[in-house]
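Read through the structure below, which is laid out as structure tokens, and then see the notes.
The values are calculated or read from the model by the stated rules, or taken from the named source; none is laboratory data. These figures come from a predicted structure and were not determined experimentally. Positions of Cβ are generated from backbone atoms using ideal geometry, with glycine treated the same way; all protein chains shown enter the neighbour counts.
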Amino acid sequence: MAETIDCDIHPGVPTVKVLLPYMDAYWADAFVQRGMDGFDLASYPPGSPIACRPDWRRAGQKPGTDLAQLQSAALDAFGARFAICNPLYGGTVAVSETMGAAICSALNDWIAAEWLNADPRLRASIVVPAQAPHLAAEEIDRKAPDRRFVQVLLPAGAEMLYGKSYYWPIFEAAQRHGLPVGIHAGLMYRHAPTSNGWPSFHLHDYVAGAQVFEDQLLSLISEGTFLRYPGLRIVLLESGVTWLPGFIWRAIKTWRGVRAEVPWVKRSPAAYIREHVRLTMQPFDAPDDPAIVAQLLEEIGSDEMLLYATDWPHWQFEGERAVPPGFSPALLRRITVDNPLATYPRLQESIA
Amino acid sequence: MSRHVVAAAAEVPPGGRKLVMVRGRPIAVCNLGGAFFGLLNRCPHQGGSLCEGLVTHAVTADRPGEYRMSRQGEIIRCPWHGWEFDIRTGQSWCEPDRIAARQYPVSVAPGADLVKGPYVAETIPVSVEADYIVVEM
Amino acid sequence: MSEVLERPTDATAKLRIIDSDIHPSLRAESDLNPWLSERWKKHIAEYGKLGHQPYAGRNTYPRFMPNTARRDAWPPGGAPPGSNLDFMRAQLLDLYDIEHGILEPLFPGNLLRNLELSAAVCSAINDWQVAAFTSQEKRLRASIQIPFEDARASVAEIEKRVRQRDFAQVQLTSRSTEPLGRPKYWPIFEAAAHHNLPIGLHIGGEAGFAPSASGWPSFYVEDHHGLTHSMQCQATSLVLEGVFERFPTLKVIMIEGGWSWLPILGWRLDAHWRKMQSEVPHLKMPPSAYMKRNLWVSTQPMEEPERPEDLRRTIDWIGWDRILFATDYPHWDFDDPRHAFPCALTEAEKRMIFRSNAEAIYKLD
């Protein structure tokens, strides 16, 4: 029976031209007049191995642009009851607030019209211009009435860390509509990808991406975001998983020593993380050794945090091995069904 | 358990503290407004000498971005890793139910009572005119 | 609840510890003057030491303790922690039976924007380490400070010091203006490998880049964590750029950078290298294989898992022979060799971590 919930798939935008029908007259004209296209993210160069599993790649097509392939390779093959579309495209990284907002709005309307309408199993995140939190909040208000949008989507590396007060309008809007905020791997490249500047390789950027998630969690905890927005649920998408225990250990240790710097952080960082944070489990980043995987799962210390995902069409695993060895049947049930339903209230509405 | 005379009360005025040894154990004796408290002078984390830490206030917040100070002089911070302990209870700030500095009962007794015993005076000369700090261990 | 009192306190007796991270301090800035030219003394007096932070005389993130130090590490008389050799002997070397300690000076020098000044200050720091510490205390060894943003001057400084037994390693900083694997730094690695000198890659520094790819955290509680990411960046860069392929005998000790992340980073690198190895065709082995061959870590700040025994798994994954004990004296997050490990170690494990692993890397006789 199709019952799994795939919490991270990536429909691709073949060209900005497909978005033009969803833009206002000025922007529909401007993209053509100025010859503007090529807004794919540097974090996912379309030709790179990470952007598309080899057997899912189609000659002459950008990754993830074929609905029929999504249906067969991602939904049917893995028995998906629902799958959440997280489109990764240039509106979220544009330096222009208005152009960024125009691309994001068009993308949301395009996803609704051409993907969600085409398959009842599909859900989507609201893509927003994090460069302009007030515009992001407007976009959330605009799309939230469509209950097929189940979360707000932000890039992991932005202009500032998300705990900063600048971003309050986004979290306010998300809380207003009961939407989790998903943070997906990928950078705006406003800052160097590492605190030592610019690495030579895409592989380095991608691997270092896990550290940005740690920075964002610490920022949200340290700035008190979870206290301001007690209902806030953060979902880390394509973040990697296995860094989490060591991160928690050091976060607790540092908090014990210097918590008076941020006295509103009344509970251990681990408590905020386990209550408010969820992670999709591709990539998992461990060896194919069930004993090691089981040890890491114990260290994570909660069976409520992981969400099943294939990350289609990104290349994270071979064949149908979307779950690493070492997950018990009970945990499998939790990550594929129970945890996604608990994380995304709007999915429960669809079932009820 | 026996009672150990460790110092003249006048040696540890309000707000003051003194490191004493009782049966080979280092005890930090603290005076909070006339009430005396004794903590084992080894941080439960890695053994830092609490007596050499900063005696400070409690820092709390009603909401993010605000700071409130209270209970001046009642919190001691380990000089090593900064763990905070409540001098009154020995409880750690961050995990009060799980981590605490061991406490020993401390009281003040007049010299006139002490000369009658049973007390262990060790090296403290006791005079009937003065008050003394007594640690139970 | 663990009670220090009840734990055995002779855990390290007779181990003759090697401490791979001790921080010596200047009594005052002028301590370096005997080795600085008139030009540089005047320059520093007028312009200070131009670095990459917003303040003229301090780092970006104020620490939580004065001088980042243990509050009980201030010597009598008020000189800065780490500046008084006698006090260091009493509070560290004698107390813990430390047979050898490696000095890692952390005051500004190796990341100054003026490269000529950087070279002059690094050289002065080296002379000062010998005069103030290693010539007076044979248990201590110095680190060769180098102006690492200028590889040619760095190699010259290494050549100048390499024959002095006072120096045990070349010191680098985990924040640099480019990831350390990039070619501009290779002459440094070539010299270190040639002389069989380990690289002591110490956490810290400010190189102008935001601590996070998403910008600047507000608080020390965040930056203290983010520092470990600079170390992860350097480990990744050294591996992916092929430094260890070109210099297979190079030994890099990552000091004070945390270490629970090391096996995790290796797995993550391996998982994605399998797909993207066409980008780094110069690598002949999976990234984790270079990490296991060429990288070591020091223990402080001790990893403190929620379940103490989990630390043994982490060490299993890293390798018991890759881990060197360090106190970080006199800094606030100092680790006491008697109590630092949250889990029990066997005598053989203690011998490796507290002594023999370091002996195998450093030439200390």
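Note on the stretch C:172-256: enclosed helices (runs of 4 or more DSSP H) holding 2 or more residues that are modelled with pLDDT of 95 or more and closer than 30 Å to A:I221 by Cα are C:220-240. Which residues, taken from the stretch C:194-222, are surrounded by fewer than 21 Cβ atoms within 10 Å (Cβ to Cβ) and more than 7 Å from chain A (Cβ to nearest Cβ)? Answer for the stretch C:194-222, where residues must be surrounded by fewer than 21 Cβ atoms within 10 Å (Cβ to Cβ) and more than 7 Å from chain A (Cβ to nearest Cβ): C:H194, C:H195, C:N196, C:G204, C:E206, C:G208, C:W216. If you check A:E214, A:E275 for being away from chain B (no Cβ under 14 Å), surrounded by fewer than 22 Cβ atoms within 10 Å (Cβ to Cβ), in contact with a Phe, Trp or Tyr (Cβ under 9 Å, 6 or more places away or on another chain) and not β-branched (V, I, T), only one passes: A:E275. Does the stretch A:335-344 include one or more residues that are under 23 Å from A:A77 (Cβ atoms), touching a His at 6+ places or on another chain (Cβ under 8 Å) and buried (at least 21 other Cβ atoms within 10 Å of the Cβ)? The answer is no; no qualifying residue exists. Of the strands (runs of 3 or more DSSP E) lying entirely inside the stretch A:91-196, those carrying at least 3 residues that are away from chain C (no Cβ under 14 Å) and over 25 Å from C:A213 (Cα atoms) are A:122-127. Buried (at least 19 other Cβ atoms within 10 Å of the Cβ) and modelled with pLDDT of 95 or more: is that true of B:V6 in this structure? Considered against the rule, which asks whether it is buried (at least 19 other Cβ atoms within 10 Å of the Cβ) and modelled with pLDDT of 95 or more, B:V6 comes out as no. Among what's in the stretch A:197-211 and is facing another protein chain (nearest Cβ under 7 Å) and in a helix (DSSP H, G or I), pick the residue that is surrounded by the most Cβ atoms within 10 Å (Cβ to Cβ). Looking at residues that are facing another protein chain (nearest Cβ under 7 Å) and in a helix (DSSP H, G or I), I get A:Q211.
Counting the residues of the stretch C:245-281 that are more than 7 Å from chain A (Cβ to nearest Cβ), of a type outside the set (G, A, S) and closer than 30 Å to C:E304 by Cβ gives 11. Among the residues of the stretch A:156-179, the ones that are under 16 Å from A:F213 (Cα atoms) and surrounded by fewer than 23 Cβ atoms within 10 Å (Cβ to Cβ) come to 3 in all. Considering every residue within the stretch B:111-131, establish whether at least one is within 17 Å of the chain's Cα centre (by Cα) and within 26 Å of B:V55 (Cβ to Cβ). Checked the stretch B:111-131: no residue is within 17 Å of the chain's Cα centre (by Cα) and within 26 Å of B:V55 (Cβ to Cβ). For A:T98, the conditions (1) among the hydroxyl-bearing types (S, T, Y); (2) under 17 Å from the mean Cα position of the chain (by Cα); (3) surrounded by fewer than 24 Cβ atoms within 10 Å (Cβ to Cβ) are fulfilled apart from (2).
Before we move on, is A:E299 within 7 Å of another protein chain (Cβ to nearest Cβ), over 16 Å from the mean Cα position of the chain (by Cα), within 24 Å of A:V337 (Cβ to Cβ) and at pLDDT 95 or above? Against the criterion (within 7 Å of another protein chain (Cβ to nearest Cβ), over 16 Å from the mean Cα position of the chain (by Cα), within 24 Å of A:V337 (Cβ to Cβ) and at pLDDT 95 or above), A:E299 qualifies. Among the criteria (1) modelled with pLDDT of 95 or more; (2) away from chain A (no Cβ under 11 Å), the one B:T60 does not fulfil is (2). The set of residues in the stretch C:225-253 that are farther than 25 Å from C:A168 by Cβ and surrounded by fewer than 24 Cβ atoms within 10 Å (Cβ to Cβ) comprises C:G226, C:G242, C:E245.
In the stretch A:241-352, counting only helices (runs of 4 or more DSSP H) that sit wholly within it, the ones holding 1 or more residues that are of a type in the set (K, R) span A:244-258, A:269-276, A:329-333, A:345-351. Consider the stretch B:77-89 and keep the residues that are out of contact with any Pro (no Cβ under 8 Å at 6 or more places or on another chain) and more than 11 Å from every other protein chain (Cβ to nearest Cβ). The one that is surrounded by the fewest Cβ atoms within 10 Å (Cβ to Cβ) is B:R88. Can you confirm whether A:S219 is hydroxyl-bearing (S, T, Y), within 7 Å of another protein chain (Cβ to nearest Cβ), more than 26 Å from A:D311 (Cβ to Cβ) and in contact with a Ser or Thr (Cβ under 8 Å, 6 or more places away or on another chain)? Against the criterion (hydroxyl-bearing (S, T, Y), within 7 Å of another protein chain (Cβ to nearest Cβ), more than 26 Å from A:D311 (Cβ to Cβ) and in contact with a Ser or Thr (Cβ under 8 Å, 6 or more places away or on another chain)), A:S219 does not qualify.
Taking the conditions (1) buried (at least 22 other Cβ atoms within 10 Å of the Cβ); (2) more than 8 Å from chain C (Cβ to nearest Cβ); (3) free of Cβ contacts under 8 Å to residues at least 60 places away in the same chain in turn, A:D288 satisfies each one other than (1). Just a yes or no: is a residue in the stretch A:140-154 free of Cβ contacts under 8 Å to residues at least 40 places away in the same chain, under 27 Å from A:Y206 (Cβ atoms) and within 18 Å of the chain's Cα centre (by Cα)? Yes, the stretch A:140-154 contains at least one residue that is free of Cβ contacts under 8 Å to residues at least 40 places away in the same chain, under 27 Å from A:Y206 (Cβ atoms) and within 18 Å of the chain's Cα centre (by Cα).
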